[in-house]
Each structure stands twice: as structure tokens, then as C-alpha cells.
Amino acid sequence: MVIIKPDAVQRGLIGEVTQRLERRGLKIVGMRLEQISREIASRHYAEHEGKPFYDGLVDYITSSPSVLMVLEGPDAIAITRATMGATKPAEATPGTIRADLGLMIGRNLVHGSDSSESAKREVDLFFGDDIVEYDRAIDAWVLE
């Protein structure tokens, strides 16, 4: 599960972020532009409740629309996270989304699930069963 966060949306980077993930060979099976509600944001960030930065996270993710995406592919979580780069843009590897386009940890452009468990929880929270299954003509050239 990927969230193109409000800062990336406001900066006009939806296409850039999406293009980088698709160019890796990942397939988009769910995608929409949405203003995330405070209720959904608080459920998404539940593990951070009570921490000093929690309110800021919720305020930020609800401040403007985000693009929600579900991606598929071999090692989709690891590939996505490698493409995004380290959470702190200053520590991200050049060529990654955060290194090339980000400046501060609080405005790091994208969220990506860190495990299959969190991906399942986040897909259920944001998409439920609203995922599109399809075959791509390029898969024979991308997948072994």
C-alpha cells in the first residue's frame, strides 16, 4: 500500500511518483485521490497514538488530498520501499523518490507499507475489496 502524501499532491508530483513505481514493474491494482478523514487517519496511525508527533501526523495527512495505491508484483513491499528511499530524505539513496524530491522528514512525499501485515491492514482500511485484478501485456517482459 502506498500513499502519495499531501505535500507530493500539492507539489504536482503524483505522476512522477507513480511513474517511478510503475517503471520498476509494479502493477497498480487500486488507485484513487482522496481527502483522508480524521477518523481513518487516526486508525492508520493508531500505533503512534500518545506520541508527541501523533497530532501532527493526523493534521498533515488530512490537510489535503492524497493518492492511495495498491501495488502488486514480486517483492512489491521491498521494491516499493527501495524506490521510495529512507524515511529521512537526507539519508535516502540518490535516485530514490525521497532523495531526489524530498527535503524534510515531515514532508517526505510518500508512505509505503513496511510488511505484509501492515499492507493487509492498510489495504483493508483504505480499499476493502475494491481491488482490480487484470493481466498486463508487459508482464511477460517484466516477470520471469
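Hey, can you tell me all the residues within the stretch 1-33 that are touching a His at 6+ places or on another chain (Cβ under 8 Å) and over 10 Å from Met69 (Cα atoms)?
Listed by number, the list holds a single entry, Lys5.
Which residue, of Glu22, Glu16, is farther than 21 Å from Arg121 by Cα, among the acidic types (Asp, Glu) and either touching a residue at least 24 places away in the same chain (Cβ under 8 Å) or outside any helix (DSSP H, G or I) (or both)? Before you say what the answer is, go through the steps one by one.
Values: Glu22 fails: either touching a residue at least 24 places away in the same chain (Cβ under 8 Å) or outside any helix (DSSP H, G or I) (or both).
Only one candidate passes the filter, namely Glu16.
Quick check on Asp130: is it out of contact with any Phe, Trp or Tyr (no Cβ under 9 Å at 6 or more places or on another chain) and without any contact (Cβ under 8 Å) to a residue 24 or more places away in the chain?
For Asp130, the condition - out of contact with any Phe, Trp or Tyr (no Cβ under 9 Å at 6 or more places or on another chain) and without any contact (Cβ under 8 Å) to a residue 24 or more places away in the chain - is not met.
I'd like the full set of residues that are within 14 Å of the chain's Cα centre (by Cα) and either surrounded by fewer than 15 Cβ atoms within 10 Å (Cβ to Cβ) or over 22 Å from Met104 (Cβ atoms) (or both), limited to the stretch 1-17.
Selection gives Met1, Gly15.
Out of Thr87, Thr83, Thr93, I need the residue that is over 18 Å from Thr18 (Cβ atoms), touching a Lys or Arg at 6+ places or on another chain (Cβ under 8 Å) and not charged (D, E, K, R). Which one?
On the way: Thr83 fails: over 18 Å from Thr18 (Cβ atoms); Thr93 fails: touching a Lys or Arg at 6+ places or on another chain (Cβ under 8 Å).
Step by step, each of Thr87, Thr83, Thr93 is checked, and only Thr87 is over 18 Å from Thr18 (Cβ atoms), touching a Lys or Arg at 6+ places or on another chain (Cβ under 8 Å) and not charged (D, E, K, R).
Take the conditions touching a Phe, Trp or Tyr at 6+ places or on another chain (Cβ under 9 Å), among the β-branched types (Val, Ile, Thr) and in contact (Cβ under 8 Å) with a residue 40 or more places away in the chain and apply them to Val70. Does it pass?
Taking the combined requirement at face value, the residue satisfies it.
With respect to Ile36, determine if the residue is within 26 Å of Asp139 (Cα to Cα) and of a type outside the set (S, T, N, Q).
no
Report the residue count in the stretch 12-53 for those that are of a type in the set (D, E, K, R) and within 21 Å of Arg81 (Cα to Cα).
8
Out of the stretch 94-144, which residues are over 26 Å from Arg43 (Cβ atoms), surrounded by fewer than 11 Cβ atoms within 10 Å (Cβ to Cβ) and among the hydroxyl-bearing types (Ser, Thr, Tyr)?
Selection gives Tyr134 alone.
Of the conditions (1) surrounded by 13 or more Cβ atoms within 10 Å (Cβ to Cβ); (2) at positive phi, Gly50 clears all except one; give me its number.
For Gly50, the failing item is (1).
Read-outs throughout are calculated quantities, based only on the coordinates presented, and are distinct from any laboratory measurement. Given the structure is predicted, the values throughout are model-derived calculations rather than measurements. Don't worry about glycine lacking a Cβ; one is built from the backbone with ideal geometry, like all the others, and counts go over all protein chains shown.
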